[in-house]
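Written below as structure tokens is the structure these notes are about.
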Amino acid sequence: MKKALIIGSGIGGLGTACLLAKQGYHVTVLEKNKNIGGRANVFEAEGYRFDMGPSWYLMPDVFQHFFTLLGEPIEEHLHLQKLSPSYRIYFKDQDEPIDVEADIEKAAALFETLEPGSGTKLKEYVAQSAYQYDVATNEFMYKNYDSFMDFFNKRTMVEGRKLSVFSTMDTYVKKFFKSDMVQKIMQYQLVFLGSSPYKTPALYNIMSHIDFNMGVYYPEGGIYRLIEVLGGIARKYGAEIRTDTEVSHIETKGRVATGVILTNGEKLTADLIISNADIAHTETALLSSKDQSFKASYWKNRTLAPSAFIMYLGVDGSVDSLVHHNLFFAKDWKKNFDEIFESPTLPNAPSFYVCCPSKTDKSVAPAGKENLFVLVPIGAGVEYSAEMLEAYQTKILEMLEVEMKIPNLRSRIEYIRTYTPDDFTRDYHSLGGSALGLAHTLGQTATFRPNNVSKKVSNLYYVGAGTNPGIGMPICLISAELAYKRIMGIKTPEPLTEMIPSDTA
């Protein structure tokens, strides 16, 4: 059997481990932290269980496809609950929040109350979004790119003209909707892509199909349940997963990757190496200069997705004003994004997100208490002091009490832990302390995003958010399939229907 080493056990790494192990490779996954999962981490404290990173289970079709490809019925592994409402939105200076459902008729009726005539426009917009999602899935997302010609061939050009590639989301949304509130609802999903509506290509309007037609789900036990399942499947097919095992260097011989050296000095050899570590860290820290596809100067000029100021809160008593997913939108949308992307600072009047999984899953908090995950997007690379963070924590807690109508929140907090850009750097070697990686700008999408195979070293591959297709749990599962396709020499653009290479490979 060929031996494959996978550096990092994020969703992309675990997905690749599942595929290669089932295909017959001898797979070893090397994880620097004590838990598998990468940013999809978990911890427990004082009776609370906190998912530390991703909290939205979107694109259920992608998860379904991946498990089917493995021959593993997803319903045997995950018990999914569709959330209703999908999420609640609080607007600055608006008395009442609004609830958004994954039901186009209900959503259209809601939009009519916000902007007369927008209900019909929403149906038109989402229908176009659904069509573009289908095109993207079958022509673009599951395809590996090696050159411009792979992207701009006859087939993709015909379909690609039906996508809004060269317009920004801000411009595209404003063609349909005039209300500031409605525009924000149609653009908030870009947070999941780590980008700004003023820079993100409009082809990402496919997020609205995901939002309004597919809906938001929650796996019983929390997001980390998905990590446990993927790890279990990988092990089932023979993969070895080693935690507390950090790689210090990727060894090469004659421009061929041959193995790795661990921080404890141990050497491991392999026929293939797949890195799910932060791609900038892999290139600049794990490879010798001669083996780097991208030098340090390249990474200095990248647009990074935001980092985050996160609070994990254990709260005594019920928080009646919240549902599972809750969003607060700042009034000055443009200024907020500028403070994240253009002049990184701790935003003065931020938008933020609050997850309250205890509304759906009573196992994540002691009886009669609530589990809150509070995330404030902030710029990657932002500078701050301990005093600044303490003051910012107080500021956000005060905003939660007022804007999300949670009286006496601060006096009811019985557990609190904060997580900042420095933590992302320490735990995940994240470039600039980004919470997500490279943003989805036009210049960092498809052929413009770092490829999933090294330009300099044979048998070295990449998987995860830093390569194609990009950011997000389901997208990282697609990246695992793309890595598998790359390794097996499969060149078809659509999702695989079987793991064994077809005649078109």
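Residue by residue, here is whether (1) out of contact with any His (no Cβ under 9 Å at 6 or more places or on another chain); (2) in contact (Cβ under 8 Å) with a residue 40 or more places away in the chain; (3) of a type in the set (Gly, Ala, Ser); (4) under 22 Å from GLU31 (Cβ atoms) holds:
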{"residue": "SER430", "(1), (2), (3), (4)": "no, yes, yes, yes"}
{"residue": "SER434", "(1), (2), (3), (4)": "yes, yes, yes, yes"}
{"residue": "GLN444", "(1), (2), (3), (4)": "yes, yes, no, no"}
{"residue": "ARG449", "(1), (2), (3), (4)": "no, no, no, no"}
{"residue": "VAL463", "(1), (2), (3), (4)": "yes, yes, no, yes"}
{"residue": "ILE487", "(1), (2), (3), (4)": "yes, yes, no, yes"}
{"residue": "LYS491", "(1), (2), (3), (4)": "yes, yes, no, no"}
Determine if the range 400-410 includes at least one residue that is without any contact (Cβ under 8 Å) to a residue 40 or more places away in the chain, outside any loop (DSSP other than H, G, I, E, B), open to solvent by 10 Å² or more (accessible area, probe 1.4 Å) and in contact with a helix residue (DSSP H, G or I) (Cβ under 8 Å, 6 or more places away or on another chain).
yes
Tally of residues being of a type in the set (Lys, Arg) and touching a Ser or Thr at 6+ places or on another chain (Cβ under 8 Å) across the range 13-32
1
Considering only the range 257-274, I want to know if a residue exists there that is within 26 Å of TRP299 (Cβ to Cβ), within 25 Å of the chain's Cα centre (by Cα), modelled with pLDDT of 95 or more and not aliphatic (A, V, I, L, M).
no
Out of (1) crowded, with 19+ Cβ neighbours inside 10 Å; (2) in a loop (DSSP other than H, G, I, E, B); (3) not aromatic (Phe, Trp, Tyr), the odd one out for GLY265 is which?
(1)
All-but-one check, GLY194 against (1) at pLDDT 90 or above; (2) at positive phi; (3) touching a strand residue (DSSP E or B) at 6+ places or on another chain (Cβ under 8 Å), failing number (1)
Name the single residue, out of those in the range 36-49 being more than 18 Å from the chain's Cα centre (by Cα) and not hydrophobic (A, V, I, L, M, F, W, C), that is surrounded by the most Cβ atoms within 10 Å (Cβ to Cβ).
TYR48
If we keep just the residues of the range 300-322 that are at pLDDT 95 or above and surrounded by fewer than 19 Cβ atoms within 10 Å (Cβ to Cβ), which is nearest to GLY437 (Cα to Cα)?
SER321
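Yes or no: TYR237 modelled with pLDDT of 90 or more, within 20 Å of the chain's Cα centre (by Cα) and open to solvent by 10 Å² or more (accessible area, probe 1.4 Å)?
Numbers: modelled with pLDDT of 90 or more: yes; within 20 Å of the chain's Cα centre (by Cα): no; open to solvent by 10 Å² or more (accessible area, probe 1.4 Å): yes.
The answer is no for TYR237.
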Quick one: VAL182 ticks every box in (1) within 25 Å of GLN94 (Cβ to Cβ); (2) buried (at least 21 other Cβ atoms within 10 Å of the Cβ); (3) touching a helix residue (DSSP H, G or I) at 6+ places or on another chain (Cβ under 6 Å) except a single one, so which number is it?
(2)
Taking the range 385-399 and keeping residues open to solvent by 50 Å² or more (accessible area, probe 1.4 Å) and either touching a Lys or Arg at 6+ places or on another chain (Cβ under 9 Å) or not in a helix (DSSP H, G or I) (or both) leaves THR394, GLU398
Per the filter on the range 432-466, residues buried (at least 24 other Cβ atoms within 10 Å of the Cβ) and over 17 Å from ILE274 (Cβ atoms) are SER434, ALA435, LEU436, LEU438, ALA439, HIS440
For the range 1-35, which positions are more than 21 Å from the chain's Cα centre (by Cα), surrounded by 20 or more Cβ atoms within 10 Å (Cβ to Cβ) and part of a helix (DSSP H, G or I)?
LEU20, ALA21, LYS22
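Do we have any residue at all in the range 11-31 that's without any contact (Cβ under 8 Å) to a residue 12 or more places away in the chain, under 28 Å from MET186 (Cα atoms) and not acidic (Asp, Glu)?
No - not one qualifying residue is present in the range 11-31.
The values are calculated or read from the model by the stated rules, or taken from the named source; none is laboratory data. This is a predicted model, so every value here is computed, not measured. When we count neighbours, we look across all protein chains shown, and the Cβ atoms used for this are built from the backbone with ideal geometry, even at glycine. Heads up: the accessible areas ignore ligands, DNA and RNA and are worked out on the full protein's heavy atoms, side chains in. Shrake-Rupley method; radii C 1.70, N 1.55, O 1.52, S 1.80 Å.
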